[in-house]
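Values in this text are rule-based calculations from the coordinates and carry no lab data. Please read these numbers as outputs of a predicted model, since none were measured by experiment. Cβ atoms come from the backbone with ideal geometry, glycine included; neighbour counts cover every protein chain shown.
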Amino acid sequence: MPYVNIKVTREGVTSEQKAELIEGVTDLLERVLNKNPATTMVVIDEVETDNWGIGGEQVTHRRKRGE
């Protein structure tokens, strides 16, 4: 029973994009690892940019600078 957790920042990811990610990851696991799609779980967590850091700095601050 594969479990995949995708974390993205909460910045305009649409329901359609999430559905495509879930389908794509499920298909990939079936194709590459021969996993049963019926038992494959994919969870997408949306994280506020204040709660995500890169290089010791909040993503919110990096985005304000255009990084």
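Return the total of residues in the range 1-35 being out of contact with any Pro (no Cβ under 7 Å at 6 or more places or on another chain) and over 25 Å from R63 (Cβ atoms).
Number of matching residues: 15.
Determine, yes or no, whether T40 is of a type in the set (S, T, N, Q) and closer than 13 Å to V8 by Cα.
No; evaluated as a whole, the condition is false for this residue.
Quick one: in the range 1-22, which of the residues that are in contact with a helix residue (DSSP H, G or I) (Cβ under 9 Å, 6 or more places away or on another chain) and surrounded by 12 or more Cβ atoms within 10 Å (Cβ to Cβ) is nearest to W52 (Cα to Cα)?
Per the stated criteria, the residue is T9.
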